[in-house]
Amino acid sequence: MPDQASHPAVGAAEVRHDLRLVPLAAAAWAGMWLSTRDTSWWMLAAGIAGLVILVAGIWRGVALLACAGVVVISCLVLGGAHAHQLRSGPVSELAASRAVVAADLIMTGEPRQQPAKGARPPYLSVRGVVVSVDGRGQQWKLRTPVLVTVSGPAAQAWGGVPVGSRLRLSARVLPPQGAADFAAVLRVKGPAKVVAPPGPGLRLVERVRAGLRQAVSGRSADQRALVPALVLGDTSRMGTDLHADFQTTGLTHLNAVSGANLTLLLAFMLVLARQLGVRGWWLRGVGLAGVIIFVALCRTEPSVLRAAAMGLVALAALGADGGVRGIRRGLRALSVAMIILLVIDPWLSRSVGFALSVLASAGIVWWAGRWSAVLSRWLPRLLAESIAVPLAAQLATQPVVTAISGQISVVGIVANALAGPLVGPATVLGFAAAGLSLLSPVLAAVAGFGAAWCAQVIIWIAQLGAQLPGAALAWPTSPAGLLVTGMAVLGMALLMPWLLARPWLSLGLSVILVLALVKGPAQPGWPPPDWVMVACDVGQGDGLVIKVGPHQGLVVDTGPDPELMDRCLDQLGITGMPLVVLTHFHADHVSGLPAVLAGRQVGEIWVSPLASPSSGAGAVAALAGQRQIKLGVPALGETVQAGSARLTVIGPVGQLSATETGLGAENSTENNASLVLRVTVDGVRVLLTGDVEPSGQAAILQTGADDSADVLKIPHHGSSRQDADFFRSSHARVAIASAGIDNDYGHPAPRTVHLVQSLGMTLLRTDTQGSIAIIRTERGIGAVTQR
């Protein structure tokens, strides 16, 4: 078969992709997605639809249509069987009763640090398989996938347990939320006992992974973090700043186990092999060996197997021999890989990572061969492929990335084009360092040195790109907004071959884009110049800022993520705060306090009268003490002036004492201990409610306090537990729900949304609209959303 280098026009008009299996792959995806829903009505409707498609295909003599109907019905049956098996059995029954059990578990994944959620502080999570469980007076031998969560001092010990270890532990079994791919959550409080180490194969893998970390141990912190991320998808050492830079510049796909990243490794290996004269099946063997090594070192988790499958698709698409036939059959290989993966693991149909992998691989299959052929007319072949592959992957995944993040990485195209040629060498040298660590630490360190410096240039690209004022633009995640994004991606893809064929035009437009990024603001029109209050998009938590003077703000709660709260205050230009109010001590209201206090002047901190949970109260007291900031509890009815804002405390009401409500449950007493404030600033009345629950809301009404407002911050992120009279008495025109996108709690709840709308209030929500600014207008108040 001819070499691709002898066909510079490969991917031009003569290439016709084989699309016959694409509808079947789409049908399999839809069938598995529906079969893993909790609602049986959807499955029934989908089954009827599949049967109609099958009958229509047979009646019209369209084999492809009939096959699609068969695939839909088959996937509904297979996926439903998987779901039933997972949701039945002893572990699920124990979870339904929230039993405390003793269990033996085999760790199947790396422990991962998770941020605070609701009343819970940060915790550790790890995937595993329960092989023995003892609870409710019975004992079972089984193999059931679960998710283990560990908090408190024991979490640190879990971080050092190698994958594959068999552990004995005591835990409370809880049911999973939503369509999870595990049977239960095991919430562990104490330490676990290792009863058996990993097998010989896993011990060798861990030795090689440790060898890679050792090979770059003498490099900078960012280099030590990025090299394992590029090679193994191990992001445990990546700091928040570096992760944010990669997200802003659209380079996050490089530091995850992805098909696109594996494709870069395979492309690099195959080009080198071709240069050495390797051809035919020997060339395929080189690629297959790369995939096997990749899977072994990254472990056989679902995400790794998905990446391996997509890497093999790219191997078939780009062609081990570089021919046109390989490009033509790429989508066929992708469709087969999708169907096989979905049959093995139906829950991949709900995985964002799976969607990104499929789109990235499809982009590489459809565009990368043609673009690299065009680029190779004026660039070396290796460099052309290194630019075309990540560029195609980045464009193809942009609509999904925008839907997740609510932004478009404007600098992403340039950043991927610049970083692409470095990813292959960094990954290959990283793999070499890992392998050489078994033979010679010195040789491993030499290879690690090369990988680290390639990674350093990528880090510089990410840092420089993220610092450009126009690096990322907020973008609506509505259907219309995502449709516009998709159309723009297709338009750019159609223009790309014409653009890449003209060297000076490509370079000139890149320079113009960079200059535009330097000149343009990161968020045009944000914040609006006449803003009065902003509900910051801090995820699943509260973080609100009221403007009380030039560069001065009243901060009420600080959210669960210090970085997000700090970014919001920076965008608002807040450098000083006469008062910070922490309505209560749950982590989603106080965890961002360190970032709020860093580098800003703070006069006083108000806190809830109930110092519970003690972990949150203690952390706040320690921070206030370190910075010598007065910590106070305001009295009910107290009124103060903070800059141009006037505050009145109208809650909590009555004596409060913490009570335990069960392991891991949110404490209603703590929620009802929230400070509730009525704030008036620039003629705008704002009712700030923390997480106060219906009983606390009713108690405030009984005092006769004035709770009238123009803007209501919906209590407890819009949970379903609300007092309708409390909402009604506020007469608010605008209600704001501060919640995280796709949060596990379903906030804001449909019941609360209906209540707000039935009272004629305009509902605004941070999960879908980003940060929300209330502005003063000639006719009253208005709102500007960041997305």
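If you go through region 149-166, how many residues are closer than 24 Å to Ala179 by Cα and either of a type in the set (Phe, Trp, Tyr) or touching a helix residue (DSSP H, G or I) at 6+ places or on another chain (Cβ under 8 Å) (or both)? The number of residues fulfilling the criteria is 1. Mind counting the residues in region 752-787 that are under 18 Å from Val538 (Cβ atoms) and at pLDDT 90 or above? Summing the residues that are under 18 Å from Val538 (Cβ atoms) and at pLDDT 90 or above in region 752-787 gives 7.
Within region 490-508, can you find the residues that are more than 20 Å from Ala373 (Cβ to Cβ) and modelled with pLDDT under 80? Scanning region 490-508 gives a single hit, Gly508. Considering (1) over 30 Å from Ser351 (Cβ atoms); (2) open to solvent by less than 10 Å² (accessible area, probe 1.4 Å), the lone condition that Ala737 does not fulfil carries the number (1).
Listed by position, the strands (runs of 3 or more DSSP E) inside region 132-237 whose residues that are of a type in the set (Phe, Trp, Tyr) and surrounded by 14 or more Cβ atoms within 10 Å (Cβ to Cβ) number at least 1 are 138-150. With Leu443, Leu438 as the choices, which residue is open to solvent by 40 Å² or more (accessible area, probe 1.4 Å) and not in a helix (DSSP H, G or I)? Within the list Leu443, Leu438, the selection yields Leu438.
Applying the condition of being touching a strand residue (DSSP E or B) at 6+ places or on another chain (Cβ under 8 Å) and among the hydroxyl-bearing types (Ser, Thr, Tyr) to region 695-709 and asking which residue is surrounded by the fewest Cβ atoms within 10 Å (Cβ to Cβ) yields Ser708.
From the list Gly746, Gly760, the lone residue that is part of a loop (DSSP other than H, G, I, E, B), small (Gly, Ala, Ser) and farther than 30 Å from Ser151 by Cβ is Gly760. Within region 362-406, how many residues turn out to be open to solvent by 40 Å² or more (accessible area, probe 1.4 Å) and either at pLDDT below 75 or farther than 25 Å from Trp475 by Cα (or both)? Matching residues across region 362-406 total 9.
Select, from Val185, Val195, Val173, the only residue that is over 23 Å from Val295 (Cβ atoms), β-branched (Val, Ile, Thr) and within 24 Å of the chain's Cα centre (by Cα). Explain how you work it out, then say what you get.
Values: Val195 fails: within 24 Å of the chain's Cα centre (by Cα); Val173 fails: within 24 Å of the chain's Cα centre (by Cα).
Being over 23 Å from Val295 (Cβ atoms), β-branched (Val, Ile, Thr) and within 24 Å of the chain's Cα centre (by Cα) holds for just one of Val185, Val195, Val173, which is Val185.
Among the residues of region 156-163, is any under 30 Å from Ser738 (Cα atoms) and at pLDDT below 80? Can you show your working first?
Filtering region 156-163 down to residues under 30 Å from Ser738 (Cα atoms) leaves none.
Within region 156-163, none of the residues are under 30 Å from Ser738 (Cα atoms) and at pLDDT below 80.
When Pro175, Pro198 are screened for being within 28 Å of Val231 (Cα to Cα), touching a strand residue (DSSP E or B) at 6+ places or on another chain (Cβ under 9 Å) and modelled with pLDDT of 80 or more, only Pro198 passes. When Ala658 is tested against the conditions (1) modelled with pLDDT of 90 or more; (2) open to solvent by 10 Å² or more (accessible area, probe 1.4 Å); (3) of a type in the set (Gly, Ala, Ser), the lone failure is (1).
Restricting the search to region 684-713, which residues are in contact with a Pro (Cβ under 9 Å, 6 or more places away or on another chain), among the hydrophobic types (A, V, I, L, M, F, W, C) and part of a loop (DSSP other than H, G, I, E, B)? Val692, the sole residue that qualifies.
Cβ-Cβ contacts under 9 Å between residues 6 or more apart (or on different chains), taken from a first residue in region 202-215 that is free of Cβ contacts under 8 Å to residues at least 24 places away in the same chain to a second residue that is part of a helix (DSSP H, G or I) and surrounded by fewer than 18 Cβ atoms within 10 Å (Cβ to Cβ), are listed as Leu204/Ala296. Contact map, region 751-778: first residue on the phi > 0 side of the Ramachandran plot and touching a residue at least 60 places away in the same chain (Cβ under 8 Å), second residue polar (S, T, N, Q) and open to solvent by 20 Å² or more (accessible area, probe 1.4 Å), Cβ cut-off under 7 Å, separation 6 or more or different chains; pairs are Gly770/Thr785; Gly770/Gln786. Taking (1) closer than 30 Å to Asp234 by Cβ; (2) modelled with pLDDT of 80 or more; (3) open to solvent by less than 20 Å² (accessible area, probe 1.4 Å) in turn, Gly118 satisfies each apart from (2).
The values are calculated or read from the model by the stated rules, or taken from the named source; none is laboratory data. Keep in mind that what you see is a predicted model, and the values were worked out from it rather than measured. For neighbour counting, all protein chains shown are included, and Cβ atoms are generated from backbone atoms with ideal geometry for every residue, glycine included. Protein only, heavy atoms only, side chains kept; ligands, DNA and RNA dropped before computing areas. Shrake-Rupley method; radii C 1.70, N 1.55, O 1.52, S 1.80 Å.
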